[in-house]
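The next block holds one structure in the form of structure tokens; read it before the comments.
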Amino acid sequence: GAVVSQHPSRVICKSGTSVKIECRSLDFQATTMFWYRQFPKQSLMLMATSNEGSKATYEQGVEKDKFLINHASLTLSTLTVTSAHPEDSSFYICSAEDTLGQYFGPGTRLTVT
Amino acid sequence: DAKTTQPPSMDCAEGRAANLPCNHSTISGNEYVYWYRQIHSQGPQYIIHGLKNNETNEMASLIITEDRKSSTLILPHATLRDTAVYYCIVRVAPSNQAGTALIFGKGTTLSVSS
């Protein structure tokens with residue numbers, strides 16, 4: 001079946017630093033990938049839609065200059081949280097889509113101290 | 001995408017069937033019903049989807065009413081490992097509308113106990 005991986009699974013960083021999260025589709029090519037954020041005891045919130053070779057589309061309220069998304073190939077999208085602050089601490093989940101459905105990565109737990 | 005309504009929580013005894021309802025009264029003719037679940041601190045896992053016919057796979061069965069305004073996900077023999085948040089989502093098939101993200105509601109927290 002379709003497998004999506006994320007790296008790292010968890011990361012702790014200091015306030016003001018940047019963190020990059022990778023999302024890979026392992027056994028299929030994904031023209032579109034999606035990034036979600038989930039705070040404790042809440043549902044997944046869509047942050048942005050990432051299309052290979054073009055600029056990402058961000059949801060209302062998500063700062064594109066803070067959450068940099070790059071989708072340079074059909075199997076890799078990256079999310080960089082720039083100048084991270086404690087309020088950016090969250091569970092970040094990516095997903096990738098093929099013609100049959102949308103498949104999710106295991107998530108990345110980001111803690112900003 | 002059409003909105004869905006699910007009960008916030010349900011309990012089920014281990015070994016019994018878990019029946020999770022979902023209302024989607026404004027579903028469009030070309031929208032499918034998808035079910036995902038999320039076990040604590042993991043990414044969502046696909047369970048099953050259907051358009052109008054009932055569907056069954058190794059994980060669950062999906063019963064869709066004839067008017068398509070509601071559906072029920074059935075886990076025939078719930079185990080402790082089925083404890084999770086279950087999300088019912090309606091959307092057009094990816095093959096027909098590529099690049100449209102799944103939008104998650106609050107889902108149903110299913111607690112399976114021994």
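The numbers here are math on the coordinates, done by the rules we state, and not lab data. Please read all numbers here as calculations on a predicted model, not as lab measurements. Virtual Cβ from ideal backbone geometry, glycine too; neighbours counted across all protein chains shown.
With θ set to phi - 60°, apply the Karplus curve 6.51 cos²θ - 1.76 cosθ + 1.60 along region B:100-114 and write out the HN-Hα couplings as whole Hz, x wherever there is a Gly or Pro.
9, 6, 6, 10, 9, x, 7, x, 10, 7, 9, 10, 9, 10, 7
Assigning unit charges at the beta carbon (Lys, Arg +1; Asp, Glu -1) and nothing else, what dipole magnitude in debye, to the nearest 20, does the protein assembly as shown show about its Cα centre? Kindly include the intermediate steps, with their values, before the conclusion.
Details: 19 positive and 19 negative charges, 94 e Å.
The calculated dipole for the protein assembly as shown is roughly 460 debye.
Which entries in B:Lys3/B:Lys52; B:Lys3/B:Lys69; A:Lys20/B:Lys106; A:Lys14/B:Lys106; A:Lys64/B:Lys3 show an alpha-carbon gap greater than 21 Å? Write out the running numbers ahead of the final one.
On the way: B:Lys3/B:Lys52 17 Å; B:Lys3/B:Lys69 11 Å; A:Lys20/B:Lys106 28 Å; A:Lys14/B:Lys106 31 Å; A:Lys64/B:Lys3 27 Å.
In this structure, A:Lys20/B:Lys106; A:Lys14/B:Lys106; A:Lys64/B:Lys3 exceed 21 Å between Cα atoms.
Normalised by the residues of chain A, what does the relative contact order come to in percent, with Cα pairs under 8 Å and at least six apart?
Numbers: 287 pairs, mean separation 42.0, N = 113.
Across chain A, relative contact order equals 37 percent.
In the Gaussian network model of chain A, springs joining C-alpha atoms below 10 Å, which of A:Thr99, A:Thr31, A:Thr49 carries the largest mean-square fluctuation?
A:Thr99
Skipping prolines and chain starts, which residues have an amide H placed within reach, meaning under 5 Å, of the one on B:Thr79, given they are 5 or more residues away or on another chain?
B:Gly15
Sort B:Trp35, A:Trp35 so the one with the fewest other Cβ atoms within 10 Å of its own Cβ comes first. Could the numbers behind the result be given before it?
Details: B:Trp35 24, A:Trp35 27.
In increasing order of surrounding Cβ atoms, one gets B:Trp35, A:Trp35.
Work out how much length B:Thr5 to B:Thr26 would gain on full extension: take 0.36 nm times their residue separation and subtract the Cα-Cα distance, in nm to one decimal.
On the way: separation 21, 0.36 × 21 = 7.56 nm, distance 1.08 nm.
Difference between extended and current length: 6.5 nm.
What is the distance, in nm, between label points placed 7 Å from the Cα along the Cα-to-Cβ direction at A:Lys20 and at A:Ser83?
It is 2.0 nm.
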